[in-house]
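No value in this document is a laboratory result; all are computed from the given coordinates. Computed from a predicted model, the values in this text were never measured in an experiment. Please note: Cβ atoms are built from the backbone with ideal geometry, for glycine as well, and neighbour counts cover all protein chains shown.
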Amino acid sequence: MSSETVVSDERLAELNSQLDRLNETWARWGRELNETQKELESAGMDRLQAAEAMHRRQVEAFRDGTAPLDLDEVHQLLDELCSLYLMGGGDQRARIRESFGNLSRVRKYLHSYIGGRAASGLRSTEDAEWLDLGLAAASIADQRVDYRDLLIGLGKLWLAAEDVGLAPARRFSAVARISGDEPVYGNRSTRDLLRGFRTSAYLKSITRRDEGS
């Protein structure tokens, strides 16, 4: 991971503005999907089935290019922002974490970025930078979305690192040092979560499952 460098506040502001625009589009689309789900439920469909139908519709829209936002653009912006997060100073990292407080839809997607884009990029390129980017996303998310989704994403990232011959513990600890140190929702801090992930019950459970497959 790179040492701290001066990161342009102007560029960070530009990235935040672009993410804010995408977040608004995503939120508006989410409201439309919710309305459609309610219509399906009113027509007699089970609530869980209706929710699953809307999830499939969203996935298919991203896949066939009919979604109102470009997921590739989201990825490119997050790639750059996570890279800048790793390079910037403590004050800038704190501001980046704070900026995601208003980006609910993009913030929720960070867990998919960790276990999807970052883990897949790591497996396909064997480049440790993808491990760092995924960990930066976890640090930015700061446990503000479903804790279980974060564990799943980090687990996929850890296993991907091991599969390509990397020892992830050192990099988890490195990003832990630049992460938030305040307890979140009464739980331990993100710093403690990342630092202790290698000995977590969740990692042990998926490692045993992987070994038994």
(request) Kindly provide the helix-only [θ] at 222 nm of the chain, computed as the sum of -39,500 (n - 2.57) over DSSP H runs of four or more divided by all residues, to the nearest 500 deg cm²/dmol? (result) -23000 deg cm²/dmol
(request) With a Förster radius of 41 Å, plug the Cβ-Cβ distance of residue 95 and residue 164 into 1/(1 + (r/R0)^6) and report the FRET value to the nearest 0.05. (result) 0.80
(message) Between 0 and 90 degrees, rounded to the nearest ten: what's the tilt of helix 128-141 against the longest Cα principal axis of the chain?
(response) 60
(request) Measure out, as a whole number of angstrom, how far apart the alpha-carbon centroids of region 63-120 and region 146-213 sit. (result) 19
(message) 7 Å from Cα along Cα→Cβ at both residue 181 and residue 18: what's the point-to-point distance in nm?
(response) 3.3
(message) What does the extension gain come out to for residue 192 and residue 43, with contour length at 0.36 nm per residue minus their alpha carbon separation?
(response) 48.9 nm
(request) Any chance you could list the semi-axes, whole Å, largest first, of the equivalent ellipsoid that the Cα gyration tensor gives for the chain, using √(5λ)? (result) 29, 23, 16
(request) Apply 1/(1 + (r/R0)^6) to the Cβ-Cβ distance of residue 126 and residue 25, taking R0 = 41 Å, and write down the FRET efficiency to the nearest 0.05. (result) 0.75
